[in-house]
Amino acid sequence: MILTKSKHKNININTEIDKRIKNGEISKLLLIVPTNRKVRYLKKEIISSSPNSSTQSINLETISTFSTKIVLNDNDIRRDVLSEPASYILLEQAFNEIKPQYFSNYKNNIPTGTLQQIKNVISEYKKHGITPELLRKELDELSGSEKLKAQNIADIYEVYQSKLMKIQIKEIGDIYKDIGELSLDDFQKRFREFYPEVNLIAATGFDEFTQLEINIWEMCSRITNVDLYIHIDYKSNNDSIFSHLNNTYSKLIERGFNIIAENNNETENEFEFHISEKLFSSKSGKDKLDYYKKISLLAALDKGKEIEVISKEIKDLITNRNVQPSDICIAFNSIQKYSSIIRDVFSVYGIPFNLTDRFALSTSRPVISVINILEILENDFYYKDILRALNSGYLSQLDINTTSILKSARSLKIISGLRNWINTLKDEIYIRRNNVKNEWDGLLNIETFEEALLSLQKISELLSPFTQEMNLNEFKKNVIALIYKLEIPIILSDDKNFDAEKNIKSMTTFIEVLEELTELFIRQYGETEKFTLKFYLNYLRTAAKSTRYNIKEKPNYGVLVTSINEIRGLKFDYLFLSGLCDGDFPTRYQPEIFFSGSYFKKENQHQAKERYQFYQALCGWKNKLYLTYPLTDEKRELVKSTFVTELESIIEMSHLSSEEYTNKIYSQEEFLIELGRQEADSFNSNEKVSNINFESIGKSIKIDKVRKESPFSDFAYNGIIGNEIKKEAKEKLAGYRERQF
């Protein structure tokens, strides 16, 4: 469906876009799409379709980036738009200032999960134009704990908003609100500063809009000499899928938008038309559409087996059908449950992939190591903090002896306090140097305490810049200097591990967050205000928990692994919709406990939106669609998604089995397992395969045979080391007696 106020009665948006690309008039078109992934996808498509595969200006935006440009009137918008970690910190400040009754158990230590829920609720309120005043108007209709909760949320919201206004920084909800308050002349003037040649705005791939977003479309429709077309995948003949869009549709009609015919010359997709009419409909009837060769259903034992079978099918597609990995997508509704499995299994099978799931900064080893090192000083050299920081591996270049520190702490009963550490160790060293009698524990010699003292002095010197109160710029400068003193950039760049790129990105993100928080606090407190290390660490920990990052996606590289929400409006040659079990897709309805009164999202709205997301995902393939789900999760049985059951009732599809992939070897690991099953006498070590040492494998098979046949024989590989051990080996083994494990 296309809605517009334009006088043109029909249009094909895709044809119009293609025409402008081929005529070199792309600068006259503004495309607004729902996701940044769609922006990247269309940008590549437009460039490759343009004359000479190049174009000077591409106007591609999401509704958020478009609105931000108009309101802030600036291309460099990052410093004036509130980031996620900054919002958590300001929200935590607001929470601690209001002394809430409903959340009284938390005092000044609100859990990160609760903080995240409150933030999500306030952000949602803002996008719908709901203010603290509107929330308070509902208080009279509430009672008991519900009333207390609503009052506290309104108070937190109000204080939080006042902080944003004071430091002159905005969230997306604030930006949407500000657009509605602009005059038409101001809006047009700002629009023309960024899009001087545009005469057509096409908004595609959207479903429902908030009231504030509808206001934005209303403003766009009134720009002189510009036609606005909004394409919504909405059909009135199946309320089971499209009912949640009725409100958006009605509001656009009320604003004067008209429905026009979509001049579509393309052959209608039989599958998409069929599911839009029949899926989830009680009137579906018994007639099934035959897609036996194009849609396959797979049930696997568990999540691991599910991904293994998907990997094998993808490997068949790549090797047997010459399919490019970038033409394949795997989408999950709950991608976080599969991220680690995908990384492990795809690495084993040698499949290149782009995984879009984001990592929490608080799980990054180098970032946590920096925070742990600073916590040594915060807690005055508490021995557990010292050991935690030393075990990270990022203090190795200081040549610190962890074993000596631990042994000294245990022997001398030292718990914390730098002065206590230094004085106790010095006293012990003095006594041992000047007492000729052997009255101390013979297991520890004087060198142990000397090494511990020297190591602690090195740590103390490293942390000396943080001992005094610092202003904001001084703290930032000192943290960055600490990172370089520890040679973390060198360690990360030299790392040949699989996690190297991830660790580098996490440290880069950490420095960006540090710089952003410095600017945020300067706006709040000024440049000269000084704070203790404890103040800074509290907010660094909060920021690390609330910041998420991902590795930069490689264009046209590997299988895309993403969420179902991210593939809206995209089509792939081969699409796997996975993790399709009840509880994951559809998800169980769990009302947001911090919404109050009439602002609760109802269960039927939740279900309708999930059905629509499933319908959209089903429209995202060209050649073949795979639907997969696990049967168990550890010891718990899982149930096939009701969505899949509904689809099976209207579509004839084939069934895959993991047994179909047992007659091939898909990875080096499987090849080695197969080799290990061979008998020692029949093993041929003259085979030639790259990266495999057949001679070593043959030896291992023979050793294993001896172990099984003579388990108690005097045989080194049975764990019995005889007198034949070499002197060098004895000396090396002896050195392990003093080692920590």
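Quick rundown of the values:
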| quantity | calculated |
| --- | --- |
| Charge context of Ser221, other residues only, Cβ under 10 angstrom, K/R +1, D/E -1 | +1 |
| Separation of the Arg707 and Glu25 label points, Cα + 7 Å toward Cβ, nm | 7.5 |
| Accessible surface of the chain, 1.4 Å probe, proportion on carbon and sulfur as whole % | 46 |
| Average accessible area per residue (Å²) across segment 142-222 - probe 1.4 Å, nucleic acids and ligands excluded | 41 |
| For segment 448-546: rounded, prolate or oblate by the Cα gyration tensor [a/c cutoff 1.5] | oblate |
| The chain: calculated mean residue ellipticity at 222 nm from DSSP helix runs of at least 4, using -39500 (n - 2.57) | -15000 deg cm²/dmol |
| Simple label model, 7 Å out from Cα along Cβ direction - Thr403 to Tyr484, nm | 3.5 |
| Shape of segment 311-451, Cα gyration tensor, a/c cut at 1.5 | prolate |
| Sequence-separation-based contact order of segment 350-495, relative, with Cα cut under 8 Å and 6+ spacing, percent | 25 |
| Overall Cα dimensions of the chain - principal axes, largest extent first, Å | 104, 77, 60 |
| Contact order normalised by residue count of the chain, Cα under 8 Å, 6+ apart, percent | 19 |
| Amide proton proximity set for Phe572, modelled H, under 5 Å, gap of 5+ | Trp621, Lys622 |
| Extension gain (nm, one decimal) between Ser658 and Leu733, 0.36 nm per residue minus Cα-Cα | 22.3 nm |
| Where segment 290-427 is the region considered: accessible area per residue in Å², 1.4 Å probe | 42 |
| Cα shape, segment 100-237, gyration tensor, a/c 1.5 rule | prolate |
| Distant-in-sequence amide H partners of Asn258 (H built 1.01 Å from N, under 5 Å) | Thr4, Lys5 |
| Other-chain or far-sequence residues with amide H under 5 Å of Asn550's (modelled H) | Phe359 |
| Solvent-accessible area per residue, Å², over segment 478-536 with all protein chains present [probe radius 1.4 Å] | 52 |
| Sequence-separation-based contact order of segment 325-408, relative, with Cα cut under 8 Å and 6+ spacing, percent | 18 |
| Residues Leu182 and Lys534, FRET efficiency given R0 of 45 Å [Cβ-Cβ distance, rounded to 0.05] | 0.55 |
| Listed pairs Lys458/Lys485; Lys38/Lys571; Lys28/Lys552; Lys119/Lys477; Lys22/Lys294 exceeding 22 Å between Cα atoms | Lys28/Lys552; Lys119/Lys477; Lys22/Lys294 |
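The values are calculated or read from the model by the stated rules, or taken from the named source; none is laboratory data. Since we're looking at a predicted model, the values are computed, not measured. All Cβ positions, glycine included, derive from the backbone under ideal geometry; neighbour counts span all protein chains shown. Side chains are part of the model used for accessible areas, which takes the heavy atoms of the whole protein and leaves out ligands, DNA and RNA. Shrake-Rupley method; radii C 1.70, N 1.55, O 1.52, S 1.80 Å.
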